[in-house]
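Before any comments, here is the structure.
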Ligand code: HEM
């Protein structure tokens, strides 16, 4: 009588179906995650696939709430990968794109930016806030710029963006 226990069978089915669900970001870079080269390969892939990305933004008094998604599961995974990587950069002050004044201002104020996220079925929901009223406006301006990246891809990312005046 060596029948597998009912709960073991259910457990095995759940484990197998979890493994079959594509959740990891596709490999779009040969560089090490966490490097500028890796992050660039990810955001260039997002820019190149901007037509498959949609985004809703909602301004709140202290910043923004956004939902950014794609029906393509690999692009959805890359959007999540990008947001997690950018949160780490904000927390560590690890600057990028410093030829663009908007990004200079974002990293100058990184210690006043608080970012939280949760995955949605097709992407990610982000809440980004600051107690500092100027930084709240800066977060809102950055979010508008991300929406322009989604709308126009590399045509928009080739441009420099002015941060709000103080
Ligand atoms: C289609 C292209 C892109 C998409 C879909 C995208 C998506 C996002 C999302 C969802 C966030 C969280 C904040 C928010 O929702 O407003 C974010 C933050 C960020 N992104 Fe991107 N992004 C794109 C392109 C880029 C590019 C080209 C760069 C830099 C070269 C970049 C750098 C950052 C940084 C530094 C943050 C954190 C700073 C902040 O949110 O204030 N992103 N991005």
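The values are calculated or read from the model by the stated rules, or taken from the named source; none is laboratory data. Keep in mind that what you see is a predicted model, and the values were worked out from it rather than measured. Here Cβ is always computed from backbone atoms with ideal geometry, including for glycine, and neighbour counts include all displayed protein chains.
Is it the case that residue 129 is within 18 Å of the chain's Cα centre (by Cα), over 16 Å from residue 79 (Cβ atoms), at pLDDT 95 or above and surrounded by 14 or more Cβ atoms within 10 Å (Cβ to Cβ)? Full working, then the answer.
Values: within 18 Å of the chain's Cα centre (by Cα): yes; over 16 Å from residue 79 (Cβ atoms): yes; at pLDDT 95 or above: yes; surrounded by 14 or more Cβ atoms within 10 Å (Cβ to Cβ): yes.
Against the criterion (within 18 Å of the chain's Cα centre (by Cα), over 16 Å from residue 79 (Cβ atoms), at pLDDT 95 or above and surrounded by 14 or more Cβ atoms within 10 Å (Cβ to Cβ)), residue 129 qualifies.
Restricting the search to region 30-39, which residues are within 11 Å of the ligand (Cβ to nearest atom) and either within 14 Å of the chain's Cα centre (by Cα) or surrounded by 16 or more Cβ atoms within 10 Å (Cβ to Cβ) (or both)?
Kept after step one, since they are within 11 Å of the ligand (Cβ to nearest atom), are these residues of region 30-39: 36, 39.
Passing the criteria: only 39.
Exactly one condition in (1) in contact (Cβ under 8 Å) with a residue 40 or more places away in the chain; (2) surrounded by fewer than 16 Cβ atoms within 10 Å (Cβ to Cβ); (3) touching a helix residue (DSSP H, G or I) at 6+ places or on another chain (Cβ under 7 Å) is not met by residue 51; state its number.
For residue 51, the exception is condition (3).
Do any residues in region 134-145 that are under 12 Å from residue 109 (Cα atoms) have Cβ atoms under 7 Å from those of residues that are near the ligand (Cβ under 9 Å from one of its atoms) and part of a helix (DSSP H, G or I), where the two are at least six apart or on different chains, and which pairs are they?
The qualifying pairs are 138/106.
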